[in-house]
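The values are calculated or read from the model by the stated rules, or taken from the named source; none is laboratory data. Bear in mind the structure is a predicted one, so any value in this text is a computation, not a measurement. With ideal geometry, Cβ positions are generated from the backbone for all residues, glycine too; neighbour counts draw on all protein chains shown.
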Amino acid sequence: MPHKKNHYINREISWLSFNARVLQEAADPTVPLIERLKFLGIFSSNLDEFFRVRVGTLMRLQRAGVKAKATFGKSPKKILNEIHDVVVAQRATFDKVFSKLYQELEKENIFIINEKQLNKQHEEFVGNYFRQEVRPRLAPTMLDSLPEFPDLTNQVIYLAIHLSHKNDNKKVKYALIEVPVDVLPRFVVLPGVRTPKYIIMLDDIIRYGLKQIFYIFDFDTIAAYTIKLTRDAEIDIEDDITKSDFEKISKSIKQRQKGKPVRFVYDRKMPEDLLQFILERNNLKNFDNVIPGGRYHNAKDFMTFPHVGLPRLEHEKRPVLQHPKIESFRSLFTAIHEHDILLHYPYQSFHYVTDLLREAAIDPQVVSIKMTLYRVAKNSNVVNALINAIQNGKKVAVLLELQARFDEEANIYWTERLEEAGAHLIDIMPGFKVHSKLCLITRQEGNKPVNYAIIGTGNFNEATAKIYCDHALFTADKRLTDEVAKVFAFLENKLKVHTYKHLVVSPFYMRKKFAKLIKNEIKNARAEKKAYIYAKMNSLVDRQMINRLYEAGQAGVKIRLIVRGICSLVPGVEGLSENIQVISIVDKYLEHSRIFIFCNGGDEKYFISSADWMVRNLDNRIEVAAPIYDSAIQKELKQFFKIQWHDTAKARILNSEQDNILRQNNAGSSHRAQDQLFEFLSSGNVPEIADELV
């Protein structure tokens with residue numbers, strides 16, 4: 001049946017609803033206090049990226065005259081207006097939460113003070129710190145003496161300086177100072193006894209020293225107000241066959257810093273004359289996304305708030321779990337040859353991945369290693385292990401995706417290091433991003449080569465694996481490893497599209513395969529057989545997949561979805577989606593894995609994947625979904641999904657109102673999935689939860 005416009009939630013508005021869930025965590029009194037500050041930082045960081053990417057794209061569409069049909073039934077202009085209204089409302093909520101957390105910090109004898117609240121001891125320290133550490137890194141710009149306003153660097157916080165006389169409003173000067181948070185900490189803990197603890201922000205240390213900076217001018221009032229400009233983050237890669245991918249992408253990254261403005265945020269207490277001066281000189285007078293804010297911006301720095309106060313103010317530090325199917329073997333290859341192994345990050349250690357690579361590097365039977373990398377850690381043990389393998393004579397082939405947004409520079413750096421070491425670099429795919437998470441290791445065992453593979457839902461990144469919930473399948477099953485080899489064969493020659501019986505690969509087969517699995521559930525439901533779909537993903541946006549889920553729900557298929565971020569599907573609508581329920585979990589760890597379970601007439605089919613159900617994943621990226629054939633791992637995944645589905649502490653119900661209501665337990669008890677998953681994986685004990693996902 002044709003679906004109406006209100007059968008889909010706009011992806012941008014849904015994303016803002018997701019970020020509202022992050023803000024809810026910052027406001028939740030059951031979350032440890034310092035962690036709540038970090039959630040404020042995550043909220044701010046998310047919003048920055050949203051403006052750089054999504055708002056930037058909408059503004060491009062608006063300039064290009066794109067109509068409503070291409071943007072889920074609304075014009076880019078209308079969506080931008082809605083975004084502005086939601087963001088302003090969320091900013092007001094943010095300020096209230098921020099103020100509340102300040103008060104709660106004070107109850108814990110932790111005080112964030114400004115330059116006017118210093119005692120004698122603190123003033124002496126701040127004065128010395130300013131002179132020795134801060135002032136040498138400042139480069140004030142006198143604005144009214146310049147013919148043009150200096151380019152504002154994307155996402156950098158500046159202090160706009162207003163110099164004036166109390167008795168002469170006409171005699172003013174304006175200046176600009178970049179806050180050097182790239183080289184100095186945003187939060188400085190002041191010296192003193194153990195309690196109370198006093199913290200001052202770098203912005204206020206600069207405010208303290210303003211008179212020392214502008215001492216040559218005869219002004220009695222010098223005040224500073226924070227501003228920040230966010231620019232479009234999309235990069236245009238020129239089509240020049242005479243330049244390498246490195247050159248083209250490197251040039252585009254530099255151009256990103258001069259992208260068109262998408263948001264300007266300022267301290268609402270800024271004098272009107274200074275504000276109008278800045279807006280006029282930056283051609284922002286008629287700009288829609290001029291947003292008043294508080295005294296401080298770039299709250300993302302709260303993600304690195306200093307460790308002060310009692311341990312109870314932060315999340316409990318848990319041990320990283322060992323995997324029982326690995327620890328009993330001396331060799332990882334022996335363990336994988338014995339049975340498939342599924343790792344659960346961050347509960348279990350990512351070091352098994354680097355251990356396997358290190359073992360492969362020195363194993364005389366290993367012939368080659370092939371790997372796809374999308375985002376790697378700053379000091380990547382994975383890449384270092386691959387370089388070590390090259391040094392030991394192994395053939396190493398790597399596809400390191402150069403267009404992983406905001407990681408382009410890091411990936412160019414690691415690509416160059418690998419090339420210097422002697423790795424074979426697989427060329428990037430023209431028109432496609434390679435987002436699959438694959439590793440293939442070939443050993444010569446007896447007279448034949450044997451393949452071992454890792455197929456993951458998340459990046460091969462030991463840093464993010466500590467906070468992202470992901471899965472990685474270690475397997476020697478020929479049904480899977482032979483087809484992983486086919487994926488690499490395609491990536492290396494790009495001329496032949498292979499067929500796959502087991503792996504589900506996009507952009508060639510994934511959409512059709514999942515559509516076929518949904519259609520099978522519809523057929524079984526109409527035949528009055530048991531039919532259900534359980535799926536966990538980051539985003540659900542693709543209209544075709546949403547329509548198929550609507551059709552399945554109307555046929556009687558029970559659909560249970562866990563969607564962390566964007567969800568354009570509208571659940572629970574009479575005559576459309578009564579059989580579809582959707583929840584979202586926001587907690588200590590970032591839910592990132594993709595799991596798909598289909599009833600299949602009782603013979604369940606299980607998949608883990610690197611792909612969400614978005615157009616880009618299904619049609620414009622190289623993605624892989626791997627079937628899970630091992631019955632023990634199937635039970636493990638089913639239990640994993642059930643524990644999350646029955647969460648009553650951090651699960652929000654997604655609905656058409658986008659109001660993020662926390663799911664309540666009628667029994668009054670609270671089930672926090674991430675706690676229960678840790679217990680499940682550490683002890684093997686299954687929590688007492690209902691068998692059915694109702």
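Numerical summary
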| item | result |
| --- | --- |
| Strands (runs of 3 or more DSSP E) contained entirely in the stretch 579-643, each with at least 2 residues that are closer than 26 Å to PHE488 by Cα | 594-598, 605-609, 621-627 |
| Residue selected from the stretch 75-113 under the condition part of a loop (DSSP other than H, G, I, E, B) and surrounded by 15 or more Cβ atoms within 10 Å (Cβ to Cβ), by the criterion modelled with the highest pLDDT | GLU108 |
| Pick from the stretch 490-515, criterion part of a helix (DSSP H, G or I) and at pLDDT 95 or above, ranking: surrounded by the most Cβ atoms within 10 Å (Cβ to Cβ) | PHE514 |
| Residue satisfying condition, being closer than 20 Å to ARG616 by Cβ and either β-branched (Val, Ile, Thr) or part of a helix (DSSP H, G or I) (or both), within set PHE50, PHE43, PHE39 | PHE50 |
| Matching residues in the stretch 417-444 - criterion: being more than 17 Å from ILE622 (Cβ to Cβ), touching a residue at least 40 places away in the same chain (Cβ under 8 Å) and either touching a helix residue (DSSP H, G or I) at 6+ places or on another chain (Cβ under 9 Å) or crowded, with 21+ Cβ neighbours inside 10 Å (or both) | ILE441, THR442, ARG443 |
| Those residues of the stretch 182-213 which are assigned to a loop (DSSP other than H, G, I, E, B), surrounded by fewer than 18 Cβ atoms within 10 Å (Cβ to Cβ) and touching a residue at least 60 places away in the same chain (Cβ under 8 Å), in sequence order | PRO185, PRO191, GLY192, THR195, PRO196 |
| Which listed residue, of ILE336, ILE291, is in contact with a His (Cβ under 9 Å, 6 or more places away or on another chain), of a type in the set (A, V, I, L, M) and either touching a residue at least 60 places away in the same chain (Cβ under 8 Å) or not in a helix (DSSP H, G or I) (or both) | ILE291 |
| Segments classed as strands (runs of 3 or more DSSP E), wholly inside the stretch 357-453, with at least 3 members that are out of contact with any Leu (no Cβ under 7 Å at 6 or more places or on another chain) | 366-373, 437-445 |
| Residue in the stretch 125-135 that is in a loop (DSSP other than H, G, I, E, B) and touching a residue at least 40 places away in the same chain (Cβ under 8 Å) present | no |
| Boolean, SER568 is over 21 Å from LEU16 (Cα atoms), under 19 Å from the mean Cα position of the chain (by Cα) and in the same structural domain as ASN547 (by TED's automatic domain parsing) | no |
| The lone exception for LYS523 - which of (1) without any contact (Cβ under 8 Å) to a residue 12 or more places away in the chain; (2) closer than 30 Å to PHE488 by Cα it fails | (2) |
| Selection from the stretch 309-324 of residues that are assigned to a loop (DSSP other than H, G, I, E, B) and over 13 Å from LYS38 (Cβ atoms) | GLY309, LEU310, GLU316, LYS317, ARG318, PRO319, VAL320, GLN322, HIS323 |
| Residue satisfying condition, being in the same structural domain as LEU438 (by TED's automatic domain parsing), farther than 22 Å from PHE490 by Cα and charged (D, E, K, R), within set GLU401, GLU419, GLU408 | GLU408 |
| ASP288 being of a type in the set (Asp, Glu), touching a helix residue (DSSP H, G or I) at 6+ places or on another chain (Cβ under 7 Å) and at pLDDT 85 or above | no |
| Condition check for LYS300: under 31 Å from the mean Cα position of the chain (by Cα) and crowded, with 16+ Cβ neighbours inside 10 Å | yes |
| Among (1) more than 28 Å from VAL22 (Cβ to Cβ); (2) touching a Pro at 6+ places or on another chain (Cβ under 8 Å); (3) of a type in the set (D, E, K, R), the one test that GLU314 misses | (1) |
| Number of the condition not met by LYS317 [criteria: (1) among the basic types (Lys, Arg); (2) buried (at least 17 other Cβ atoms within 10 Å of the Cβ); (3) out of contact with any Ser or Thr (no Cβ under 7 Å at 6 or more places or on another chain)] | (2) |
| Filter pass, THR481 being out of contact with any Cys (no Cβ under 9 Å at 6 or more places or on another chain), surrounded by fewer than 23 Cβ atoms within 10 Å (Cβ to Cβ), of a type in the set (Ser, Thr, Tyr) and without any contact (Cβ under 8 Å) to a residue 60 or more places away in the chain | yes |
| Qualifying residues in the stretch 362-378 (those that are farther than 20 Å from PHE488 by Cβ and modelled with pLDDT of 95 or more) - the one surrounded by the most Cβ atoms within 10 Å (Cβ to Cβ) | ILE362 |
